[in-house]
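First up is the structure itself, then whatever we jot down about it.
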Amino acid sequence: MMDIHQILKQLPHRYPFVLVDRITEIEKGKFIKGYKNVSINEPFFVGHFPYHPVMPGVLIVEALAQTAALLGFDTLGVTPDDKTLFYFASIDGVRFKKPVSPGDQLWLEMRVDRVRSGMWKFKGQASVDGEVVTEAEIMCTIRRVGEGD
């Protein structure tokens, strides 16, 4: 388990871009589960959409990627510093099945599909009330800022 204080020690993101509130389960090298509480106070709801607020799909994918990064860092036993980032390499198979609205609790689940030559492939999904709202395959790599960026 990780609370928000532990998450902030692992992720370089800060408000308004921290998209994981808590990790409820983690197994090194295997899988991770957590959630984001979606509030009407999220800054993106001001413009997306003012009369029918919906969480942008790209931010759901970002929440999945942040969850995957937490699994990657935990698996490696690494506490990143301010120069260590988990970068997207590719995003495939994304499916948006239902909208996410204020008041929803967005459950995030990612599993390691494979790791080769420093590239991590994760598969996962986001769900609300037990219904899958988004699926995605994400490839990432850990990089040091200033080293080949």
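The table for this structure:
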quantity: Wholly within segment 33-149, strands (runs of 3 or more DSSP E) carrying at least 3 residues that are under 22 Å from Lys9 (Cβ atoms) and over 13 Å from the mean Cα position of the chain (by Cα); calculated: 131-144
quantity: Condition check for Tyr15: at pLDDT below 95, more than 19 Å from Thr141 (Cα to Cα) and within 16 Å of the chain's Cα centre (by Cα); calculated: yes
quantity: Qualifying residue in segment 78-100 (condition: in contact with a Ser or Thr (Cβ under 6 Å, 6 or more places away or on another chain), at pLDDT 95 or above and within 24 Å of Pro43 (Cα to Cα)); calculated: yes
quantity: Segment 46-58 - residue that is in contact (Cβ under 8 Å) with a residue 24 or more places away in the chain and surrounded by fewer than 19 Cβ atoms within 10 Å (Cβ to Cβ) and, of those, farthest from Asp113 (Cα to Cα); calculated: Val54
quantity: From the options Met119, Met110, residue that is of a type in the set (A, V, I, L, M, F, W, C) and over 15 Å from Lys33 (Cβ atoms); calculated: Met119
quantity: Subset of segment 110-136 (residues that are in contact with a Phe, Trp or Tyr (Cβ under 7 Å, 6 or more places away or on another chain) and either acidic (Asp, Glu) or loosely packed, with under 13 Cβ neighbours inside 10 Å (or both)); calculated: Asp113
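The values are calculated or read from the model by the stated rules, or taken from the named source; none is laboratory data. Keep in mind it's a predicted model, so treat the numbers as computed, not measured. Backbone-built Cβ (ideal geometry, glycine too); neighbour counts: all protein chains shown.
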